[in-house]
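Data first, discussion second: the structure below is written as structure tokens.
The values are calculated or read from the model by the stated rules, or taken from the named source; none is laboratory data. Computed from a predicted structure; not experimentally measured. Counting neighbours? That spans all protein chains shown, and the Cβs are built from the backbone with ideal geometry, glycine included.
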Amino acid sequence: MEYRDLDQDSQIAEVHKLVPSLLAKYGITAKSVENVNHSYNSTFKIESASGDYALRVNLGVSRQVNQVLAEMQWLEVLAEEGSLLTPVPVRTLDNELCVSTRFDALDLDTTAVLAKWIPGEEVGDDPSADQLYEVGRNIAKLQLISKDFTFEGNAYRPTINRTLLDAEDNLRRGQPELIDDKLYGQILEGLSLCDSVYSRISEREDLLLIHADLHTFNFIQSDKRLGVIDFDDCGLGLPIQDLVINNYYLREDRQREEYVKAGYSSLLELPKVSPEDYEVLLMGRLLLLLGTVLEMTAADDVAAIPGFLIKVRHRLNHFFDTGEFSLI
């Protein structure tokens, strides 16, 4: 049976086979191994005599070694700067920031990285006003630090100042089998609208390294500090993108968006964009998620595609009827 046809637990078991050899490169022997996320990547919590770690195996085909290296370089700089709680990369016994490995189940040459575990709970679906304010401040802090950051050696991150970031454009290359003509027409129109907005903003603003996935499940409440995790989508983009991506998931209660923006504006001026364009950018986030979901291989993600398509249809109908984006 092919990997894509396995259930979630069986897929995780296949990735788990890589763990002992990967940890050996760091000189770590696990006391316990627990999978804590299996989707575009597969992440394991490692408990060992030397401490707790997060081991991430990259399953997406688009992440090259030099891109992963750049992510780890940024995390090292953030750890050294110290004003944010972020994953602290662990180097191998050979002083490498990432490990190349072969994952036969997907016929894939890929990478893995290790970082110190950040204890705490995901902020998740029910953040407080204070947490959202701190989320906004953390977004601004990341952008302030990144302005002076440069990659070393051959490390690089892609430019992502567009609707689909650096993802392959699997929506324009042909009508997906699961999508009807009306919905596909809306998708193409939405992509054109959103790319146009990003193009106009890019004419007047410089690009900088941004996180590009700052939803509230990527914030950890650890004692009295918020930790920021999951930097693997980072790239050279526009400041507004971090806010759009965060606010997309808060859209059911617009007051929550305002708490984030208040935190952000306590350190940086809010990026200038018209209310109409902001709604377009929120809609564009939906299109990115659609393209990503259609390429997923994790069993639970694949099973969720039909239900997600129903939401996409409702949300795009609402947007084109009203000019406003909603998580209906």
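Among the residues that make up region 75-96, is at least one of them over 30 Å from Asp5 (Cβ atoms) and touching an Asp or Glu at 6+ places or on another chain (Cβ under 6 Å)? Yes, that holds for at least one residue. Taking the numbered list (1) closer than 28 Å to Leu69 by Cα; (2) buried (at least 17 other Cβ atoms within 10 Å of the Cβ) in turn, Leu289 passes all entries but (2).
Taken over region 25-45, the criterion of being surrounded by 13 or more Cβ atoms within 10 Å (Cβ to Cβ) and farther than 21 Å from Asp230 by Cα is satisfied by Lys25, Ile28, Ala30. Modelled with pLDDT of 95 or more and touching a Ser or Thr at 6+ places or on another chain (Cβ under 8 Å): does that describe Leu236? Yes. Flag: Leu268 does not match the condition of being in contact (Cβ under 8 Å) with a residue 60 or more places away in the chain, farther than 17 Å from Leu132 by Cα and surrounded by fewer than 21 Cβ atoms within 10 Å (Cβ to Cβ). Sort through Leu85, Leu93 and tell me the only one that's surrounded by 16 or more Cβ atoms within 10 Å (Cβ to Cβ) and of a type in the set (A, V, I, L, M). None of the other options fit; the residue is Leu85.
Out of the residues in region 119-144 that are of a type in the set (A, V, I, L, M) and surrounded by fewer than 18 Cβ atoms within 10 Å (Cβ to Cβ), which is nearest to Tyr259 (Cα to Cα)? Give the steps one after another, and end with the answer.
Filtering region 119-144 for residues of a type in the set (A, V, I, L, M) gives 123, 129, 132, 135, 139-140, 142, 144.
Now restrict to residues that are surrounded by fewer than 18 Cβ atoms within 10 Å (Cβ to Cβ): 129, 144.
On the way: Ala129: 6, Leu144: 19 Å.
Checking each candidate, the answer is Ala129.
Of all the residues in region 85-125, those that are without any contact (Cβ under 8 Å) to a residue 60 or more places away in the chain and not assigned by TED's automatic domain parsing to the domain that holds Gln73 number 0.
Within region 26-80, how many residues are assigned to a strand (DSSP E or B), within 21 Å of Asp9 (Cβ to Cβ) and touching a strand residue (DSSP E or B) at 6+ places or on another chain (Cβ under 6 Å)?
Going through region 26-80 one residue at a time, the tally reaches 19.
Residue check: Pro20 meets all listed conditions (1) surrounded by fewer than 16 Cβ atoms within 10 Å (Cβ to Cβ); (2) more than 20 Å from the chain's Cα centre (by Cα); (3) within 20 Å of Asp301 (Cα to Cα) but one, namely (3). Inspection of region 105-116 identifies at least one residue that is of a type in the set (Gly, Ala, Ser), out of contact with any Ser or Thr (no Cβ under 8 Å at 6 or more places or on another chain), surrounded by 14 or more Cβ atoms within 10 Å (Cβ to Cβ) and in a strand (DSSP E or B).
If I filter region 172-181 for residues that are under 23 Å from the mean Cα position of the chain (by Cα) and either modelled with pLDDT of 95 or more or not hydroxyl-bearing (Ser, Thr, Tyr) (or both), do I get at least one hit?
Taking region 172-181 as the starting set, the residues that turn out to be under 23 Å from the mean Cα position of the chain (by Cα) are 172.
If we keep only those that are either modelled with pLDDT of 95 or more or not hydroxyl-bearing (Ser, Thr, Tyr) (or both) too, we end up with 172.
Looking through region 172-181, at least one residue is under 23 Å from the mean Cα position of the chain (by Cα) and either modelled with pLDDT of 95 or more or not hydroxyl-bearing (Ser, Thr, Tyr) (or both).
Residues in region 243-254 that are out of contact with any helix residue (DSSP H, G or I) (no Cβ under 6 Å at 6 or more places or on another chain) and either without any contact (Cβ under 8 Å) to a residue 24 or more places away in the chain or not in a helix (DSSP H, G or I) (or both): Tyr249, Arg251, Glu252, Asp253, Arg254. Looking across region 46-65, just one residue is among the polar types (S, T, N, Q), at pLDDT 95 or above and exposed (fewer than 15 other Cβ atoms within 10 Å of the Cβ), and that is Ser50. Report yes if Gly263 is assigned by TED's automatic domain parsing to the domain that holds Leu207, closer than 23 Å to Thr159 by Cα and assigned to a helix (DSSP H, G or I), otherwise no. In short, no.
Taking the condition in contact with a helix residue (DSSP H, G or I) (Cβ under 9 Å, 6 or more places away or on another chain) and at pLDDT below 95, does Glu2 pass? Even if it seems obvious, please write down each step before you answer.
Details: in contact with a helix residue (DSSP H, G or I) (Cβ under 9 Å, 6 or more places away or on another chain): yes; at pLDDT below 95: yes.
Answer is yes for this residue.
A Cβ distance below 7 Å, combined with a sequence gap of six or more or placement on separate chains, defines the contacts here; from region 36-57, residues that are free of Cβ contacts under 8 Å to residues at least 60 places away in the same chain reach residues that are surrounded by 20 or more Cβ atoms within 10 Å (Cβ to Cβ) and small (Gly, Ala, Ser) in the pairs Thr43/Ala54; Leu55/Ala112; Val57/Ser42; Val57/Ala112.
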